[in-house]
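Before any comments, here is the structure.
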Amino acid sequence: METNTRIILICSGKGGVGKTTLTANLGIALARQGVCTAVLDADFGLRNLDLLLGLENRIVYTAQEVLEETCRLDQALVKHKQEPNLSLMPAGNPRMLDWLKPKDMQRIVDMLSEKFDYVLIDCPAGVEDGFRNAVAASKEAIVVTNPEVSAVRDADRVIGLLNTHGVKPVQLVLNRVRPKMIASQEMLSVDDVTDILALPLLGLVIEDEQVIVSTNRGEPLTLTGGNSPAARCYSNIARRLQGEEIPLIDPSKQGSGVRDKLKRLMQTKIF
Amino acid sequence: MGSINSGENITTIKLPLTRSSDWRISLPGKLNKVNSEGVLVDCQDWQLGCTELKQLRSYIEQAGLKLISIRSNIPETIVSAAALGHQSTLVLQKSVLVENSSPKSEEAKSNDSPKLLFHEGTLRSGEHLSAEGDVLLLGDVNPGATISAGGNVMIWGRLRGTAQAGKLGDKKAKIIALELRPVQLRIANAIARGPEEKPAQGLTEEALLESGKIIIQPARVNPFMFDRT
Ligand SMILES: Nc1ncnc2c1ncn2[C@@H]1O[C@H](COP(=O)(O)OP(=O)(O)OP(=O)(O)O)[C@@H](O)[C@H]1O
Ligand SMILES: [Mg+2]
């Protein structure tokens, strides 16, 4: 079934780079911007999107029951209390991995496409079955990476696979950017990363301890509309995703001294 | 770098040409006759996507065998094979369309004009491109990707992965790239690590063998013209 719904896979190859955090924050940010959004937890092995969204205790049914046809789609969807534009489709039991096929993923996503404008799929790490199932159901993708050699290498592999599966556009989010370390050349720079991956950069997310605090609370940073640096990054990514032109600023190229750069970073509304 | 050539334990199976019969029909019978553990499948002119290659792989696994490597003269098949994590080789066969020619005349034909494999697009981590003759790549070779050729390797882009020229022993083979920053270079039997320092911007360089060692030097004026002696 063809709808205009944007079905976006959020993937990385390497684990722990920030896929789930991005999915949760982007979901909330899009919902706040008035877009009807579903987030689908495709990480059946280590599901934790529900946790990050603070919805764990409200799950009754999961994607598993929907596929087995023991419940309806809207029975399984968990609507976010504060942001009713956002719904979560929870992952089922890890044993689902034994029988889940790309066409099952496709079925769930088809059902979601009828109801939502955006479907964000939180992909498991790796390039094995879990990834392949999720890719099969996706139209476009966001590749998340960190400014680290191994994360970039894995992202590159994933981009190659997305290309062979005809997923496009594929855009890049560079997470956990530390301007100070980039300035002192202890970390790959934004240019180093985009140079290798050759993808349009959808946004940068600054390293921010508030991300961890909010994760533990089950309240994504974007929920409060707060002003922490990472929260701004996430909502800018959501706006760019909808086609708004918000200039990207490379934090490591601002001003001259490190201090100058950091100061700017705190003040600037961009990036 | 997942190299294969362990030699003795691998059987090569050729799929029938597209227009002669469907490979799904003849493959099980062929697999039953295999008595090695691993198989190399030459897919010839079949354009196979990931789903079909998976099907092919499950036939092989059902027969209790292991798919070691894929060969084909269709780039798409090779790309799908790489996507599934298989070692794969693209074979550019000039004689595909000449069916009834004897093997001898085929050989003569391919000897007097060197084959060139042309590929457009960046090779990303985990992808391999391999050619029997020369290879010309329009794109980058990223870290973690490999390009290899029986003849010269020419990269209209940046080489940041691994490149091998003259893989069958041709000591005259060269590796040329608009930016030469490889992880590793191989020419014939020689191996060298890439240079540590960044090359000068905008300088096309070539790597070649000189008295048994790989050296890197600025390429000649027209780096993509080869004099074949
Ligand atoms: N911008 C950031 N600043 C600080 N910490 C971050 C940032 N982004 C993510 N993290 C932290 O990194 C850790 C991993 O994040 P997350 O779970 O989103 O990664 P993932 O890619 O989904 O991992 P997995 O591959 O295991 O699913 C979490 O503890 C998270 O709080
Ligand atoms: Mg995750």
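The values are calculated or read from the model by the stated rules, or taken from the named source; none is laboratory data. Everything numeric here is computed off the predicted structure, so don't read it as measured data. So basically every Cβ, Gly included, is an ideal-geometry build from the backbone, and we count neighbours across all protein chains shown.
Things to note:
- The lone criterion from (1) within 15 Å of ligand 1 (Cβ to nearest atom); (2) in contact with a strand residue (DSSP E or B) (Cβ under 8 Å, 6 or more places away or on another chain); (3) not in a helix (DSSP H, G or I) left unmet by residue A:7 is number (1).
- Of the residues A:46, A:67, A:77, A:73, the single one that is away from every other protein chain (no Cβ under 14 Å) and either within 16 Å of ligand 2 (Cβ to nearest atom) or touching a Cys at 6+ places or on another chain (Cβ under 6 Å) (or both) is A:46.
- Contact map, the range A:43-66: residues that are among the hydroxyl-bearing types (Ser, Thr, Tyr) paired with residues that are away from ligand 1 (no atom under 16 Å from the Cβ), Cβ distance under 7 Å, separation 6+ or inter-chain. Pairs shown: A:61/A:71; A:61/A:75; A:61/A:76; A:62/A:76; A:62/A:92.
- Identity of the residue in the range A:173-182, more than 19 Å from residue A:124 (Cβ to Cβ) and touching a Leu at 6+ places or on another chain (Cβ under 8 Å), that ends up nearest to ligand 1 (Cβ to nearest atom): A:177
- Figure legend. Inter-residue proximity from the range A:10-24: first residues over 20 Å from residue A:132 (Cβ atoms) and modelled with pLDDT under 95, second residues near ligand 1 (Cβ under 7 Å from one of its atoms) and assigned to a strand (DSSP E or B), beta-carbon distance below 6 Å, spacing 6+ or different chains. No pairs are indicated.
- Answer residue from the range A:215-237, given it is small (Gly, Ala, Ser) and on the phi < 0 side of the Ramachandran plot and is modelled with the lowest pLDDT among those: A:226
- When the test is whether a residue is crowded, with 16+ Cβ neighbours inside 10 Å, out of contact with any helix residue (DSSP H, G or I) (no Cβ under 8 Å at 6 or more places or on another chain) and modelled with pLDDT of 95 or more, residue A:240 passes it.
- Flag if residue B:183 is under 17 Å from the mean Cα position of the chain (by Cα), buried (at least 16 other Cβ atoms within 10 Å of the Cβ) and within 17 Å of residue B:122 (Cα to Cα): no
- Here is the figure for the range B:123-172: residues that are more than 12 Å from chain A (Cβ to nearest Cβ) and either basic (Lys, Arg) or touching a residue at least 60 places away in the same chain (Cβ under 8 Å) (or both) total 10.
- Given (1) away from ligand 2 (no atom under 16 Å from the Cβ); (2) under 24 Å from residue A:167 (Cβ atoms); (3) not in a loop (DSSP other than H, G, I, E, B), number of the condition residue A:88 does not satisfy: (1)
- Test for residue A:203: is it more than 14 Å from every other protein chain (Cβ to nearest Cβ) and modelled with pLDDT of 95 or more: yes
- For the range A:130-167, filtering for residues that are polar (S, T, N, Q), buried (at least 20 other Cβ atoms within 10 Å of the Cβ) and within 14 Å of ligand 1 (Cβ to nearest atom) leaves 2.
- Among residues of the range A:12-38 being crowded, with 24+ Cβ neighbours inside 10 Å and within 14 Å of chain B (Cβ to nearest Cβ), the one that is farthest from ligand 1 (Cβ to nearest atom) is A:13.
- Candidates A:185, A:210, filtered to the one that is within 14 Å of ligand 1 (Cβ to nearest atom), modelled with pLDDT under 95 and surrounded by fewer than 21 Cβ atoms within 10 Å (Cβ to Cβ): A:210
For (1) of a type in the set (Phe, Trp, Tyr); (2) touching a strand residue (DSSP E or B) at 6+ places or on another chain (Cβ under 9 Å); (3) under 18 Å from residue A:102 (Cβ atoms); (4) within 11 Å of chain B (Cβ to nearest Cβ), each residue gets a yes or a no:
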position: A:124; (1), (2), (3), (4): no, yes, yes, no
position: A:142; (1), (2), (3), (4): no, yes, no, no
position: A:160; (1), (2), (3), (4): no, yes, no, yes
position: A:167; (1), (2), (3), (4): no, yes, yes, no
position: A:171; (1), (2), (3), (4): no, yes, no, no
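- Residue in the range A:30-40 that is closer than 21 Å to residue A:143 by Cα and either modelled with pLDDT under 95 or within 13 Å of ligand 2 (Cβ to nearest atom) (or both) present: yes
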